[in-house]
């Protein structure tokens with residue numbers, strides 16, 4: 001992992017390196033199938049107020065309603081620093097921070113119909129809403145009483161892989177596949 005402090009981006013791997021490393025040609029039908037390792041590198045917040053720790057973690061397994069994303073890049077937002085400094089309380093711990101994610105779908109849960117393997121997506125702060133609380137029913141999902149937040153109450157993108165709910169993955173045009181990351185406002 002490489003931190004480019006001038007632009008506040010964490011560039012986990014270049015798109016080309018990821019594509020070459022994590023895909024193989026299937027001789028049977030000539031389709032591309034991702035090769036997903038059992039473990040991944042991640043930067044983990046274990047204790048608020050302390051530096052992130054580099055860890056080897058199991059690659060997350062998506063639930064039937066989630067997708068597994070191979071992270072191409074993840075921006076560093078001031079919100080990440082607020083979480084690290086304990087200014088936002090009650091994060092999931094240990095926690096993989098990061099919610100300005102650009103990545104490729106490499107596995108799709110059995111109930112997912114809106115995304116497919118190979119789709120390039122952006123993943124923002126809001127990671128899940130319940131759909132049935134008073135705010136969701138008024139289409140004010142940003143106020144959901146049961147919301148989950150990427151890189152706060154669910155693991156984020158300071159890792160090689162993350163899981164996400166497809167309703168909170170924004171498909172990106174192929175012209176963005178090689179961009180390092182999109183800023184918060186682009187995904188909000």
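The values are calculated or read from the model by the stated rules, or taken from the named source; none is laboratory data. Predicted model only: the values in this text are computed from it and were never measured. Heads up, the Cβs are rebuilt from the backbone with ideal geometry, glycines too, and the neighbour counts pull from every protein chain shown.
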*Scan region 67-92 for residues that are closer than 19 Å to residue 39 by Cα and not in a strand (DSSP E or B) and report the count.*
0
*What are the pairs, 6+ residues apart or on separate chains, where a residue within region 156-177 that is at positive phi has its Cβ under 8 Å from a residue that is at pLDDT 95 or above and part of a strand (DSSP E or B)?*
none
*For residues that are part of a helix (DSSP H, G or I) and in contact with a strand residue (DSSP E or B) (Cβ under 8 Å, 6 or more places away or on another chain), scanning just region 114-166, find the one that is farthest from residue 97 (Cα to Cα).*
141
